[in-house]
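Data block below; observations after.
The values are calculated or read from the model by the stated rules, or taken from the named source; none is laboratory data. This one's a predicted model, so the numbers in the text were calculated from it and none came from an experiment. Heads up, the Cβs are rebuilt from the backbone with ideal geometry, glycines too, and the neighbour counts pull from every protein chain shown.
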Amino acid sequence: MGKRAVMVVLGTRPEAIKLAPVILELQGPTSSLTPIVCVTGQHREMLHPVLEWFAIKPDIDLHLMQANQDLSSFAARALTDVGGAIRSAKPHAVLVQGDTTTALMAANAAFYQRVPVGHVEAGLRTRDLYNPFPEEMNRRIISVLARFHFAPTEGARQALLAEQVDPQTVFCVGNTVVDALRLTLAREPEIERKTFASEDRRLILVTAHRRESFGSPFEEICGAIRTIADRNDDVEFIYPVHLNPNVRDPVSRLLGEHPRIRLIEPVRYEQFVHLMNSCYLILTDSGGIQEEAAVLGKPTLIMRTTTERPEAVSSGTALLVGTSQEAIVANTERLLSDGSAYKSMAKAQSPFGDGSSARRIVEILAEQL
């Protein structure tokens, strides 16, 4: 009897980062399973460099990305085409990650064909259906469709149990982002910090791209960054700007001319890890960065009103500050001027796992299948 096939469906950079360790584990010589890597191309330009870094070649590339695509049109194409890929490949299970439209539609397509779904990073919740949007809705629905729930933390496991998910199907395995981060840090970095910032200034790394912040909240974020740069000569910002025009337009307009705000194109995953490891602190609305920053011991201000990763906050590494200019400026300048406040947050720890999550997931899948 040959190895049982697990189709791993992904479409965005965060999915690729967090599923890469699982795919590598599935490919391992001792694995009784074999992966079929299916790429939707939801974020093509930012996806493939991650796969290249981890030396993963897709078996199926659906090329679904279109210019100026909206959620509904992409979702319809993904449901149809991933469904076709599942019918053709006939996997024994489908594995999805997180809360993207790719993950939701792949889980739905597998459910329609009665193929069991494994959900990596299951159980994250804000309890606000529109924040983050549409991710909170996506992951809740995936939890209804999935047969195997791979919770990253005990809090996520408890959230699933509170929703009456069968306890026998919920496994607390840690977060695979820790696996990916450690695999990356073990390799020689390809860039130097001086490529992006002056050695004599404290580097603040920024990422901001949340859909629910488009419009005035995003302008508040940009205003905060400019105010901090104006008032703190020893600080330099680096902001890899997301490709979405709803991000690029206000960022370019409000921050583009400042001498100590470096707006750069999105960098490769391994380069971004190096930037995180080199920076003084992080301003972000990203979910995954909250996890990575905790492992690296980088103080992180979360520019959102909610977080589905309360472990980052409770560990002391992250602080939820919202999107108001006043709050972002006040909390950033406190960390810049108050050494004890900074030191209290700059503690490397790993509330999200020990770097063995992928191995646990593959072992559980092999046993369950």
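The residues on offer are R309, R334, R304, and the sole one that is among the basic types (K, R) and over 25 Å from E154 (Cβ atoms) is R334. As a summary of the residue check, T317 satisfies the conditions (1) within 16 Å of the chain's Cα centre (by Cα); (2) closer than 20 Å to T176 by Cβ; (3) surrounded by 22 or more Cβ atoms within 10 Å (Cβ to Cβ) except for the one numbered (1).
Note on segment 12-95: enclosed helices (runs of 4 or more DSSP H) holding 1 or more residues that are surrounded by fewer than 19 Cβ atoms within 10 Å (Cβ to Cβ) are 44-53, 71-89.
Of the residues that make up segment 351-359, is at least one within 25 Å of G215 (Cα to Cα), crowded, with 17+ Cβ neighbours inside 10 Å, in contact with a Leu (Cβ under 8 Å, 6 or more places away or on another chain) and touching a residue at least 40 places away in the same chain (Cβ under 8 Å)? Within segment 351-359 (the criterion being within 25 Å of G215 (Cα to Cα), crowded, with 17+ Cβ neighbours inside 10 Å, in contact with a Leu (Cβ under 8 Å, 6 or more places away or on another chain) and touching a residue at least 40 places away in the same chain (Cβ under 8 Å)), the answer is no, since none of the residues qualifies. Filtered by the rule that a residue be in contact with a Pro (Cβ under 8 Å, 6 or more places away or on another chain) and not in a loop (DSSP other than H, G, I, E, B), segment 248-272 gives I264, Y269, E270, Q271, F272. Of all residues in segment 147-174, those being under 9 Å from L124 (Cα atoms) and touching a His at 6+ places or on another chain (Cβ under 6 Å) number 1. Contact annotation: residue pairs with Cβ atoms under 9 Å, 6 or more positions apart or on different chains, pairing a residue in segment 257-286 that is more than 23 Å from A312 (Cα to Cα) with a partner that is assigned to a loop (DSSP other than H, G, I, E, B) and small (G, A, S), are R260/S198; R262/A197; L263/G256. Across segment 159-173, the qualifying residues are those that are out of contact with any Gly (no Cβ under 8 Å at 6 or more places or on another chain) and farther than 17 Å from L365 by Cβ, and the one among them that is surrounded by the most Cβ atoms within 10 Å (Cβ to Cβ) is V165.
Table: residues versus (1) within 16 Å of M105 (Cβ to Cβ); (2) in contact (Cβ under 8 Å) with a residue 12 or more places away in the chain.
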{"residue": "V6", "(1), (2)": "no, yes"}
{"residue": "I23", "(1), (2)": "no, yes"}
{"residue": "P29", "(1), (2)": "no, no"}
{"residue": "H43", "(1), (2)": "yes, yes"}
{"residue": "H48", "(1), (2)": "no, no"}
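Residues that are buried (at least 16 other Cβ atoms within 10 Å of the Cβ), at pLDDT 95 or above and either basic (K, R) or in a loop (DSSP other than H, G, I, E, B) (or both) within segment 203-232 comprise R226, N232, listed in sequence order. Exactly one residue among G297, G339 is surrounded by fewer than 18 Cβ atoms within 10 Å (Cβ to Cβ) and at positive phi, and that residue is G297.
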